[in-house]
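Right, one structure below, let's go through it.
The values are calculated or read from the model by the stated rules, or taken from the named source; none is laboratory data. Everything numeric here is computed off the predicted structure, so don't read it as measured data. Neighbour counts are summed over all protein chains in view; Cβ atoms, including those assigned to glycine, are modelled from backbone coordinates with ideal geometry.
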4 protein chains.
Amino acid sequence: MGRAHSNAWRQAGRFFASPLTPVLHTVAARDADSLAKFAAQWGWAQHSTRWQTLVEDPDVGLLDIGTPNDVHEAPAVDALAAGKHVACEKPLAHTLDAARSMRDAAKRAARKGVHSFVWFNYRRCPAVGLAYQLLREGKLGTVHEVRARYLQAWGGADTPRVWRFQKSRAGSGAHGDLNAHMIDMARFLLGDEIAEVHGAVARTVHPQRPDPSNPRKTLRSDVDDICSFLASFAGGATASFEASRVATGELNDNGLAVYGSDGALRFDFEDMNVLWFHEGASGGRTSGWKRILATSPDHHPWVDAWWPDAHVLGYEHGFANMAADILRVLSGRDPIVPLPDFADAWETQRVLEAALRAAKDRKAVRLSAVR
Amino acid sequence: MGRAHSNAWRQAGRFFASPLTPVLHTVAARDADSLAKFAAQWGWAQHSTRWQTLVEDPDVGLLDIGTPNDVHEAPAVDALAAGKHVACEKPLAHTLDAARSMRDAAKRAARKGVHSFVWFNYRRCPAVGLAYQLLREGKLGTVHEVRARYLQAWGGADTPRVWRFQKSRAGSGAHGDLNAHMIDMARFLLGDEIAEVHGAVARTVHPQRPDPSNPRKTLRSDVDDICSFLASFAGGATASFEASRVATGELNDNGLAVYGSDGALRFDFEDMNVLWFHEGASGGRTSGWKRILATSPDHHPWVDAWWPDAHVLGYEHGFANMAADILRVLSGRDPIVPLPDFADAWETQRVLEAALRAAKDRKAVRLSAVR
Amino acid sequence: MGRAHSNAWRQAGRFFASPLTPVLHTVAARDADSLAKFAAQWGWAQHSTRWQTLVEDPDVGLLDIGTPNDVHEAPAVDALAAGKHVACEKPLAHTLDAARSMRDAAKRAARKGVHSFVWFNYRRCPAVGLAYQLLREGKLGTVHEVRARYLQAWGGADTPRVWRFQKSRAGSGAHGDLNAHMIDMARFLLGDEIAEVHGAVARTVHPQRPDPSNPRKTLRSDVDDICSFLASFAGGATASFEASRVATGELNDNGLAVYGSDGALRFDFEDMNVLWFHEGASGGRTSGWKRILATSPDHHPWVDAWWPDAHVLGYEHGFANMAADILRVLSGRDPIVPLPDFADAWETQRVLEAALRAAKDRKAVRLSAVR
Amino acid sequence: MGRAHSNAWRQAGRFFASPLTPVLHTVAARDADSLAKFAAQWGWAQHSTRWQTLVEDPDVGLLDIGTPNDVHEAPAVDALAAGKHVACEKPLAHTLDAARSMRDAAKRAARKGVHSFVWFNYRRCPAVGLAYQLLREGKLGTVHEVRARYLQAWGGADTPRVWRFQKSRAGSGAHGDLNAHMIDMARFLLGDEIAEVHGAVARTVHPQRPDPSNPRKTLRSDVDDICSFLASFAGGATASFEASRVATGELNDNGLAVYGSDGALRFDFEDMNVLWFHEGASGGRTSGWKRILATSPDHHPWVDAWWPDAHVLGYEHGFANMAADILRVLSGRDPIVPLPDFADAWETQRVLEAALRAAKDRKAVRLSAVR
């Protein structure tokens, strides 16, 4: 994540015209040795093993947090209190309490013009930006149904028990890591909030994993490797979410389908430059799914900053597009499409929590009960 | 369905070598006028407006039931009692009680060598037959995750309130019509039974639909247009099911994915000749999803009866393949892959019921409670 | 081919309403033993080892020829002279001379109301029928470019030297077998004739093949395993054609793309229910290729005779659709889309010949020189 | 191109470990105004309106040429003579004479350890790099057939007559621009040279185009908008090439298929992270095309420098990968896969020339005649 963020700030400065030029001032991490090398490689002017260094430095204007989930709250709250903008990795936090505290800190800071952001980078694939536009323009009519999945395969039995498999550090497993993206994407695209979780299942397929520091030992993993849940939006749309780290063959299969009364959309990250659009209801002689290569500089969000048509973009461009939008906001302009702040990410966190409760209690959970 | 079944019996007789030749003896339906024409068109020797005619006729060896769901039980139970084999459309019945009665009738008849069958035709797409073989051979290792969907788009607001939208006749909507297929397919492929439904949602998107006999009036629809549920198999696999009749753009999107520790499979009916297979765990230089065109006469179930390699099959061939397998069973041989009988379809019916209860009661339902 | 044609006539009679009902009167072939069994299996009333039997029988109204290419001319010319309609397999003949003689015989017979047909079955995939309609309606504007391929993989080194690998019997190899289909399809869709072949290559990859009657011996194959050529249509469109029997992995990869000033189309037989359509020129926010599932009974050619939407068709339906269109013509109606007669197939044969000459003489050939 | 190259050098320095760090020393272009802005935006230390400035500057070690085709020869020859490495855009030159002169200059310079490179960037998509490895390892057996296309749609009637439509500046149209890439890719992958062009067609679809400086006027375009040719490799493989700028709907459809006796490969740039691989001959129960997502850091060329598995790359990464490989060569190491130098690009230029002659003279051309 350090590389993805460093690159995003650098590239946003080159490819997007902005009155603000990002300066890579200080990078902080725990391991002093690798840190110096990282700072040199990516052009950070200074480095520190304490994040507090950044909060205390009057020259730092924005703190970009890419630490494990349990190390989001402290730096974010302190930085916001110190009047610094904060861009935080997703999910917002490892617990609902921590997320609430961050939301409140952001609310207080906002009164002083301080901004918060959360790196839900997939909003900024051009194809997803186009989906957002089409939905906002009513091209799908009333949305009836949403299907979201985020499947990965890297969490097999041999995968070491790193922090992502510890509940105390990560909060949850595939759920917070992957479903978080899809909850955000669904909320963003529909412009609606989830009202109820109808049911959920969270399963730890591999409860013992190799110890990263001693592969002959195993350590306990207490997070979900698979987590699925069903939900309804306030506006009535039915939704399903499925996250997995043990879906053999699915490397980064982040996909969403939205079905409305007058049209439908599909997105799959592994073919991230493409948006599938069904315009109008089914039927008719030339009715069908259209494969839109969302790479035309004149027509699709952010693309004019990059290459000619069909000279496709990749994973990292979502981050660079987001960095560019953050710079737009910090210079007083609107982002190309809405940026998620802590208040917004708090809503996603509530859905994550509701699904975990539904799985644990084996029953439906209304979002009004999760505060 | 009358056309699909008539064609299946005719084609099975031509394309498959069998000691038994099906004779289209008598066709029964309520409307005398269209019936005569239908019988002539499809080569039925006789026709009748009473199904009882067939049960009473000593020359009839097998009753093939394609009537609405609430007219499955009576003819099936009577025919089985009269010692006639029965092949019934899916789902088995419109209520759990009717299904139980049919299961029991089949059990009694089975003692006298009388067979029951249920037209879960998608088992007999060659690609699904190949999936069955690969799973039985352990090519996927332990199955962790199943995702099934069956989405159609024909149930928009203008679709008339035919019997499929009446709970008293159909039992349920998209659920019994579409999820039934996918529950059967998942049980068939995994060779395992669902142990728990974790949660479900069933929604009637259009509660009023045009009266088929007077389009200016509307009638009440009391079945689900969308129904999704989450489940676990006894062996541990997590599963999701999603059925819809309002999924704009998805015409007959019957799809299943199975993820195991050592491989994975995907099937989509709209490209029904293809099975996607991920052999082995992810990783490695040439790891990937393989597109198998399951049309090679030497290698794929049923295909040797049809055409040269890659001269693709269609929807109707699933029915003809099933008719051929029924003829195999009736002549004392094994079917190419297992045929679902009433006892088997009863298990699918229990899952349908469990999901409806979970949706209604907003909580998880153990299958042991549905008998 | 005997099975495909027998099935086509039977199915056309069942599925399509027609004043004419085809009767399977007499089947002729050389091998008496297999013939009796074939006739019984497919419901032919009589059988004979001499095709002359059919020409002489006053009860026979149409002769359907599915013999090797060098046995097209004699039965066709005799049957036409005897006032019988003829439906002949493609390509029209094994030599230009034989084709010319057949064309002339058909011309003479036509004056007496006798019809000739050639089994270019792929014209009658519903997706190709839709392509025809869109082109005729001008939806593509001026056609600039056509790319056609028909690739198969069955002709590896181990494939026996059957008649298809003998120039004296087949005329050519992949060229006459596969390019013939694509030349017909391109001419049909564009409604235009090829004016020049710019260059060609025909290569015999395996000049020795196993003797079918003694696999330890080999026999000489003197036809092309790969044949490609470039051409221009009279109207200006540039075209490329590629046929192969050694294209590993391509089982029946019959595909065509047409690019016009105002739109474009793509068809691939392995996914034969689909037509890809690019409506309008490139550019614009939602511009893209639309995947049309040409299976809607209300909207696509021939489909109303078959199943509900998205209950996909297969290879054999092209033949049944053609049989149905022949019955339409014989009963005085128009076919759904034009049927190729011998005069039409003669034009395809001229292109086949021009390409062979271009390959042999290593230079461009104008079609005006091939008569 | 200036942006793509500038970015490539910057990113190669960040993402790839190298003993050499590229310094963006001086950028040269004709328009002084836009040049200053460009230099500032991309971090070039100096800028000049004369390329000679770079050749004369002793601090410049490598000249990167991205000018129109007719401005390749002079700077390349001068820079090489001055002992500077040169990386030149493709095609090598606008005429065979210019290309020969560049090849000779590079040969002379090579004796003094000076390197030449040509930006055939598509070699460095990871999927293409994997294809190269598989072919070199013999995974395809003997290659029988190659099909290459590079189709774009931007050259409609309204596209202004920029230098790319002037023969005197560009040499040819779609041919030199697009076929050049595919000739290079085919030669690279097969490790073989084209021996004969069997035929070709080059067509100017729009001979008059709007004047870029006065849209109400038109200017003559004298280059091909479509150019196709057929060829054979010395080793026997048959090949087809097709380039177009008027292929409506095909935005950057750069694709190649290679069929061998023991396997096959397909690549399509619009889905550039994917390589399709058919391992082994056709046939067998699980035979099929495998979709390899060539994004795994452990297994695919260049990927370890970028992101985790399936975090897909885009167009610009081909350039950055090439810049990294140039740095490897300049620091005495081998490139990941071979880099094309001027001698190599000269072979591609000969094929371009042979095809143009074949089109003009309407006959086959042996490559031995093009020197």
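Per-structure values
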item	result
Which numbered condition residue A:356 fails, given (1) assigned to a loop (DSSP other than H, G, I, E, B); (2) away from chain D (no Cβ under 14 Å)	(1)
Count of the range A:9-33 residues which are farther than 19 Å from residue A:79 by Cα and out of contact with any strand residue (DSSP E or B) (no Cβ under 9 Å at 6 or more places or on another chain)	14
Selection from the range B:225-234 of residues that are under 17 Å from residue A:146 (Cα atoms) and at the interface with another protein chain (Cβ under 7 Å from one of its Cβ atoms)	B:226, B:228, B:230
Any chance residue D:244 is touching a Gly at 6+ places or on another chain (Cβ under 9 Å), modelled with pLDDT of 95 or more, surrounded by 19 or more Cβ atoms within 10 Å (Cβ to Cβ) and among the small types (Gly, Ala, Ser)	yes
Single match in C:141, C:156 (criterion: in contact with a strand residue (DSSP E or B) (Cβ under 6 Å, 6 or more places away or on another chain), within 9 Å of chain D (Cβ to nearest Cβ) and surrounded by fewer than 20 Cβ atoms within 10 Å (Cβ to Cβ))	C:141
Hey, residue A:135 of a type in the set (A, V, I, L, M, F, W, C), in contact (Cβ under 8 Å) with a residue 12 or more places away in the chain, assigned to a helix (DSSP H, G or I) and on the phi < 0 side of the Ramachandran plot or not	yes
Some residue of the range D:206-219 being crowded, with 24+ Cβ neighbours inside 10 Å and either within 14 Å of chain C (Cβ to nearest Cβ) or at pLDDT below 95 (or both)	no
Search result, residues across the range C:188-202 that are within 24 Å of residue C:363 (Cβ to Cβ) and surrounded by 21 or more Cβ atoms within 10 Å (Cβ to Cβ)	C:194, C:197, C:198, C:199, C:200, C:201, C:202
Subset tally (residues that are modelled with pLDDT of 90 or more and either assigned to a loop (DSSP other than H, G, I, E, B) or more than 12 Å from chain B (Cβ to nearest Cβ) (or both)) for the range C:10-20	3
Subset of the range B:175-210 (residues that are touching a strand residue (DSSP E or B) at 6+ places or on another chain (Cβ under 8 Å) and in a loop (DSSP other than H, G, I, E, B))	B:192, B:193, B:205, B:207
The range C:292-311, residues that are of a type in the set (S, T, N, Q) and surrounded by fewer than 24 Cβ atoms within 10 Å (Cβ to Cβ)	C:296
Matching residues, the range A:242-266, being more than 18 Å from the chain's Cα centre (by Cα), farther than 23 Å from residue A:197 by Cβ, within 14 Å of chain D (Cβ to nearest Cβ) and not charged (D, E, K, R)	A:248, A:249
Subset of the range A:275-291 that is touching a residue at least 60 places away in the same chain (Cβ under 8 Å) and buried (at least 21 other Cβ atoms within 10 Å of the Cβ) - its residue that is nearest to the other protein chains (Cβ to nearest Cβ)	A:277
So residue C:84, is it in contact with a Gly (Cβ under 7 Å, 6 or more places away or on another chain), surrounded by fewer than 17 Cβ atoms within 10 Å (Cβ to Cβ) and among the basic types (Lys, Arg)	no
Test for residue B:178: is it buried (at least 24 other Cβ atoms within 10 Å of the Cβ) and within 12 Å of the chain's Cα centre (by Cα)	yes
Any hit, the range A:343-352, residues being over 30 Å from residue B:200 (Cβ atoms), more than 11 Å from chain D (Cβ to nearest Cβ) and crowded, with 20+ Cβ neighbours inside 10 Å	no
Search result, residues across the range D:13-41 that are closer than 13 Å to residue D:323 by Cα and in contact with a helix residue (DSSP H, G or I) (Cβ under 7 Å, 6 or more places away or on another chain)	D:14, D:15, D:16, D:18, D:20, D:21, D:22, D:24
Qualifying residues in the range C:21-56 (those that are touching a Gly at 6+ places or on another chain (Cβ under 9 Å) and part of a loop (DSSP other than H, G, I, E, B)) - the one farthest from residue C:335 (Cα to Cα)	C:29
Per-region count, the range C:85-105, residues under 18 Å from the mean Cα position of the chain (by Cα), part of a helix (DSSP H, G or I) and hydrophobic (A, V, I, L, M, F, W, C)	4
Residue under evaluation residue B:269, criteria (1) in contact (Cβ under 8 Å) with a residue 60 or more places away in the chain; (2) within 30 Å of residue A:152 (Cα to Cα); (3) more than 14 Å from chain C (Cβ to nearest Cβ), criterion not met	(3)
Test for residue B:318: is it over 22 Å from the mean Cα position of the chain (by Cα), within 13 Å of chain C (Cβ to nearest Cβ), closer than 30 Å to residue A:147 by Cβ and not in a strand (DSSP E or B)	no
Unmet requirement for residue B:305, which otherwise passes all of (1) without any contact (Cβ under 8 Å) to a residue 12 or more places away in the chain; (2) within 14 Å of chain C (Cβ to nearest Cβ)	(1)
Some residue of the range B:93-100 being farther than 30 Å from residue B:209 by Cα and touching an Asp or Glu at 6+ places or on another chain (Cβ under 9 Å)	no
Checking residue C:331 against (1) away from every other protein chain (no Cβ under 14 Å); (2) surrounded by fewer than 19 Cβ atoms within 10 Å (Cβ to Cβ); (3) closer than 24 Å to residue C:187 by Cβ, the condition it does not meet	(3)
Subset of the range D:165-205 [away from chain C (no Cβ under 14 Å) and among the β-branched types (Val, Ile, Thr)]	D:183
The range C:22-42 - residue that is within 11 Å of another protein chain (Cβ to nearest Cβ) and not aromatic (Phe, Trp, Tyr) and, of those, nearest to residue B:11 (Cα to Cα)	C:41
Meets criteria (farther than 28 Å from residue A:141 by Cβ and either within 14 Å of chain B (Cβ to nearest Cβ) or in contact with a helix residue (DSSP H, G or I) (Cβ under 8 Å, 6 or more places away or on another chain) (or both)) for residue A:237	no
Residue C:323 surrounded by fewer than 20 Cβ atoms within 10 Å (Cβ to Cβ), at pLDDT 95 or above, more than 14 Å from chain B (Cβ to nearest Cβ) and within 17 Å of the chain's Cα centre (by Cα)	no
